[in-house]
Amino acid sequence: MRELVYYVAVSIDGYIAGPDGEYDFYPGGDEAQHAAYMGWMNQRYPETVPTAMRPACGLTDAPNRHFDTVLMGLGAYRPGLDAGMPSPYAHLRQYVVSSTLGAAPDPAVTVVDGDPLALVRDLKREEGQDIWLCGGGRLAGTLLPEIDRLIVKSYPVVAGAGIPAFHGAFNPTVFRVTDRELFDNGVTVTWFTRR
């Protein structure tokens, strides 16, 4: 069965973005450190690189290694849409969960204004690769019962406020660490699996 994987960047204090959706505060280290980290991550998870950025990263024809579907809340989808990319991950099946977006701005994007848990359960029953939960925090909080694995890129910065990685009801859910990688720029990537 396919799994739902929340692949996300977080600050030390657990925020995925600033109060207004900012994500440019994550420190990347010096140029060489940043390039080494991004190169490693992009080669390991090429499908998480937006379609428009893939040529610059040398990933134009890179196959999807882990995911064939991406699930986003409106907050995760909006930056690409505002930048003129209504289909940010054209190499994946794209779902945007939103009760306010209305009609999909691109035929390659499916807008879901209903129950995201039912959507994920249906997607899991299909054949294919895993499902990437791209964000945001409110959607992750809602989908927590269906999240099978986490890939958390922890950056050495305190945001102080913003959008939490999970926003929802108090619901302690235990995961176990399956792998961890520390990069020279201070980023730690940790893989978790639901216990």
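Read-outs: derived from the displayed coordinates by stated rules, not from any lab. The model shown is predicted, which means the values in this text are computed figures rather than measured ones. Please note: Cβ atoms are built from the backbone with ideal geometry, for glycine as well, and neighbour counts cover all protein chains shown.
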What span do the alpha-carbon atoms of the stretch 100-195 cover on each of the three principal axes, reported in whole Å from largest to smallest? 42, 30, 30
Considering only DSSP beta bridges where both residues belong to the chain, give the percentage that are antiparallel (nearest 5). 40 percent
Mind sorting Asp20, Asp148, Asp30 by how few other Cβ atoms lie within 10 Å of their own Cβ, fewest first? Asp20, Asp30, Asp148
Above 17 Å lies some portion of the pair distances; for the stretch 104-160, what is it as a whole percent of all C-alpha pairs? 51 percent
Rounded to the nearest whole number, the Stokes-Einstein translational diffusion coefficient of the stretch 16-113 at 4 °C and 1.567 mPa s (Kirkwood radius, C-alpha pairs) in µm²/s is 88 µm²/s
Note on the stretch 93-195: contact order normalised by length, alpha-carbon pairs under 8 Å, 6 or more apart, percent, works out to 22 percent
Taking the radius of gyration and the Kirkwood hydrodynamic radius from Cα positions alone, what is the Rg/Rh ratio for the chain, to two decimal places? 0.93
Write down the Kirkwood hydrodynamic radius of the stretch 70-128, to one decimal in angstroms, obtained as one divided by the mean of 1/r over all alpha carbon pairs. 11.8 Å
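Over the chain, calculate the relative contact order: mean separation of alpha carbon pairs under 8 Å at least 6 apart, over the residue count, as a percent.
34 percent
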